[in-house]
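Enquirer: Take a look at the following structure, please.
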Amino acid sequence: MQFFLRALTRVPLSLLYAFGALMYFVAFHLMHWRRDRAEHDIAKAFPEKSRVERAAIVRRAYRNLADTLMETFWGFGASADAIKKRVTFENPELVTACVDAERSVILLTAHYGNWEWLSLAAGARFDMTIDVVYQPQRVAAFDSFLREARARFGSRFIPRKEFIFDLMSRADKARTYALIADQTPKMNDPKQWTHFLNQETAFFTGAGKIAVSERYARSLEQDIRDSPADWLWLQKKWKYTKASAT
């Protein structure tokens, strides 16, 4: 498996995009993979849009996901310079100033745009080790490939279940952590509820303690409203309601 995955990282991006177009056609038009759920969530998030507009968002979301997957494999084999040409950071001095002052930094992002390129670019851009919290994959060989590919520019990947222990064990040191914070907590996990895209939505309480969860939600919501198809609607953000979790 790893040989095949590594081979994909050497394929030109133009050819990967062509394969991504085929993946989109199969997943969206033939398999209807998670389409009912995506259409339901988009309808609730954007009741003011027409059915035609919402259908266009769904189609673009599937095509964007296919492109993102192909870009991810290409990025796992790209040089640091090639990645930095494609990803820019606003106000990077805010991060470097905190690091220079030996203050810990928490970077919160989401499944929006190409989040895999973001972690690669951060490792290539900043002269520091970034500890990235991630969810391990069930297939060991695939998980090993992802960890190695994602960490090639110096980032360090921490399994989600080990994050709190790692945080406490390094409490006396300034660290830079990165989390994808738009995932849904499990039913019995501590969580914070907020009104997000026209419905009550659960976010991890941990992100609220570490940073400003409400500000994160508002910022992400505005990004999604600006470009709805760039968010990962297929992640099943609303797995349960607030009433069923209490």
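Enquirer: Among the candidates A140, A174, A181, single out the residue that is among the small types (G, A, S), farther than 19 Å from G75 by Cα, touching a helix residue (DSSP H, G or I) at 6+ places or on another chain (Cβ under 8 Å) and surrounded by fewer than 15 Cβ atoms within 10 Å (Cβ to Cβ). Talk me through it step by step, then tell me what you get.
Expert: Working: A140 fails: touching a helix residue (DSSP H, G or I) at 6+ places or on another chain (Cβ under 8 Å); A181 fails: surrounded by fewer than 15 Cβ atoms within 10 Å (Cβ to Cβ).
After ruling out the rest, the residue left standing is A174.
Enquirer: Given (1) surrounded by fewer than 14 Cβ atoms within 10 Å (Cβ to Cβ); (2) farther than 27 Å from K237 by Cβ, where does P47 come up short, assuming only one miss?
Expert: Going through (1) surrounded by fewer than 14 Cβ atoms within 10 Å (Cβ to Cβ); (2) farther than 27 Å from K237 by Cβ one by one, P47 breaks only (2).
Enquirer: Quick check, is E116 loosely packed, with under 14 Cβ neighbours inside 10 Å and acidic (D, E)?
Expert: no
Enquirer: Do the conditions hold for R175, that is, is it closer than 21 Å to I106 by Cβ, touching a Ser or Thr at 6+ places or on another chain (Cβ under 8 Å) and basic (K, R)?
Expert: Numbers: closer than 21 Å to I106 by Cβ: yes; touching a Ser or Thr at 6+ places or on another chain (Cβ under 8 Å): yes; basic (K, R): yes.
It is true that R175 is closer than 21 Å to I106 by Cβ, touching a Ser or Thr at 6+ places or on another chain (Cβ under 8 Å) and basic (K, R).
Enquirer: Output the qualifying pairs, or none if there are none: Cβ atoms under 6 angstrom, residues six or more apart or on different chains, first residue in segment 59-88 and buried (at least 17 other Cβ atoms within 10 Å of the Cβ), second residue outside any helix (DSSP H, G or I).
Expert: T68/N114; E71/N114; F73/T9; F76/T9
Enquirer: Condition check: under 16 Å from the mean Cα position of the chain (by Cα), crowded, with 16+ Cβ neighbours inside 10 Å and closer than 22 Å to D67 by Cβ. Does A110 satisfy that? Walk me through it before giving the result.
Expert: Details: under 16 Å from the mean Cα position of the chain (by Cα): yes; crowded, with 16+ Cβ neighbours inside 10 Å: yes; closer than 22 Å to D67 by Cβ: yes.
In short, yes.
Enquirer: Check every one of the strands (runs of 3 or more DSSP E) wholly within segment 149-224 and list those with 2 or more residues that are more than 17 Å from the chain's Cα centre (by Cα) and not polar (S, T, N, Q). Talk me through it step by step, then tell me what you get.
Expert: Working: elements: 156-159, 176-180, 191-196, 199-204.
Because the criterion is at least 2 residues that are more than 17 Å from the chain's Cα centre (by Cα) and not polar (S, T, N, Q), the strands (runs of 3 or more DSSP E) in segment 149-224 that meet it are 191-196.
FYI, it's all coordinate maths here, none of it is from the lab. All values derive from a computational prediction rather than experimental measurement. A quick note on method: Cβ atoms are made from the backbone with ideal geometry, for glycine too, and the neighbour counts reach across all protein chains shown.
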